[in-house]
Amino acid sequence: MKISLYILIILTFSLAKLQAQDYKKDSLQFKIITNIKYNSSQVEDIKLKKVMCDYCTDNQKKQLGLQALKLAALEQYDPKNKLENGIKILSIYIRLSKTDFLALK
């Protein structure tokens, strides 16, 4: 009897946790491509290459691009992204709620 009660409680919490993680209903995901140019293992330049969004206004693309540049500046210190010489292409994914995205107007 106790074991079945424990199993029922665990199942109930597991299903509630799965429903809470459904982000697709109320959020949007954007892919932004940036380039980090390295020269002698030092960052020379960080550029925005492309904001992939078919339904964004120019201002929304600009704001998403600025945020991606900030994230790329943080990613430049990650050892897996460092190069001695060359260009590292980063794909950055940004997820926003629909209400926050509409506020970018």
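FYI, it's all coordinate maths here, none of it is from the lab. Remember, predicted model here, so these are calculated numbers, not experimental data. Please note: Cβ atoms are built from the backbone with ideal geometry, for glycine as well, and neighbour counts cover all protein chains shown.
Listed values, structure above:
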quantity	calculated
Loop-located chymotrypsin sites (Phe, Trp or Tyr not before Pro) in region 35-79, at most 10 other Cβ atoms within 10 Å (DSSP)	TYR55, TYR77
All lysines inside 24 Å of LYS31 as judged from Cα atoms, apart from same-chain residues fewer than 8 positions distant	LYS47, LYS49, LYS50, LYS61, LYS62, LYS70, LYS80, LYS82, LYS88, LYS98, LYS105
Rel. contact order, % - alpha carbon contacts under 8 angstrom, at least six apart, the chain	36
Rounded to 10°, Cα long-axis angle of helix 58-75 versus longest principal axis of the chain	90
Read-out mean projected area of the Cα convex hull in nm², derived from the coordinates shown; its label in (1) 9.2; (2) 6.2; (3) 9.7	(3)
Ranked by how many other beta carbons lie within 10 Å on average, peptides 3-9, 99-105, 30-36 from highest	30-36, 99-105, 3-9
Separation of the LEU71 and LEU102 label points, Cα + 7 Å toward Cβ, nm	2.3
Per-bin percent of Cα-Cα distances, region 54-105 [10 Å]	21, 45, 23, 12, 0
